[in-house]
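These notes concern the structure reproduced below.
The values are calculated or read from the model by the stated rules, or taken from the named source; none is laboratory data. The structure presented is a predicted model; accordingly, all values stated were derived computationally and were not measured. Note: ideal-geometry Cβ built from the backbone for every residue, glycine included; neighbour counts use all protein chains shown.
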């Protein structure tokens, strides 16, 4: 029993001696690995600041800048760790680490597919400067002002005060109209005039109303086009260009133009007709109203006191 214990102690001492010999042999590699790790620690801070400085040239979104700098710094540290493991001749550990990282990366990638797409979409949009907070845009069937931009989504504030959260990948993969990139918009106003009005006079009055009362871009003349023969009016569209940044500016310009046109038409006696419908109760080839309701019954109820062959025409405004 005692002899077996001594043999075990002897094997343990031999093994420790082997480890000590291996440690002494690997001591230069260990020192080199420590130096690389220390240098990488200080270099990572410099790399992070440099990446942030470069990113600020392309984007003012601090969230995007912080995420990108952290990602690049993490990649640098991982490369340093793989280099240190190679210097220490830990090939098996390096292989196992790479295999495990691949499996974990695949699983994480599948589980976080949509968030990762939204993340990279947000980064790409920030670098390309598609839009920024405060811009007036239309995308994915929604119109409004950009309230905030995160790594996952874009929050749109509609004119009626509602907030719409749109994933960044949907914004990137679908058409987007940014009205703030080009601070000018064409304002179209539709109207109609009576059939007995002179159309050339109508055109002159409407264009003068805009030119004399509404501020518009001189490089874009005011235009009026008659569009159709309507049921009760001849319809036209008048349009002009104006420098507009917000939705309120657009609505205000549209409102002022309508007021100016209405005042000008009233002053010159140009009528904007109401929709009119004529009801003819004296139908030929059919049953007359006074055949359905006897004349005495109509007179009793105060509906009519005219003869049976009367033809009633009612105009409803």
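Between 95, 80, the distinction of being assigned to a helix (DSSP H, G or I), at pLDDT 70 or above and over 24 Å from residue 151 (Cβ atoms) belongs to 80 only. Note on the stretch 129-154: residues that are over 28 Å from residue 220 (Cα atoms), surrounded by fewer than 18 Cβ atoms within 10 Å (Cβ to Cβ) and within 8 Å of the chain's Cα centre (by Cα) amount to 2.
Selection of the stretch 202-245 for residues being out of contact with any strand residue (DSSP E or B) (no Cβ under 8 Å at 6 or more places or on another chain) and surrounded by 18 or more Cβ atoms within 10 Å (Cβ to Cβ) yields 205, 209. Of everything listed in (1) assigned to a helix (DSSP H, G or I); (2) touching a helix residue (DSSP H, G or I) at 6+ places or on another chain (Cβ under 7 Å), the single unmet condition for residue 207 is (2). Looking only at residues of the stretch 171-184 that are surrounded by 15 or more Cβ atoms within 10 Å (Cβ to Cβ) and in contact with a strand residue (DSSP E or B) (Cβ under 8 Å, 6 or more places away or on another chain), we find that the one that is nearest to residue 154 (Cα to Cα) is 171. Checked against (1) closer than 23 Å to residue 144 by Cα; (2) more than 31 Å from the chain's Cα centre (by Cα), residue 182 meets all criteria but (2). In the set 114, 160, only one residue is at pLDDT 65 or above and surrounded by fewer than 12 Cβ atoms within 10 Å (Cβ to Cβ); that residue is 160. The set of residues from the stretch 240-268 being closer than 20 Å to residue 143 by Cα and in a helix (DSSP H, G or I) comprises 247, 248, 249, 250, 251, 252, 253, 254, 255. In the stretch 210-237, what residues are farther than 16 Å from residue 271 by Cβ and part of a loop (DSSP other than H, G, I, E, B)? Selection gives 214, 215, 216, 217, 218, 219, 220, 221, 222.
The residues of the stretch 36-48 that are surrounded by 11 or more Cβ atoms within 10 Å (Cβ to Cβ) and without any contact (Cβ under 8 Å) to a residue 12 or more places away in the chain, listed by number, are 39, 41.
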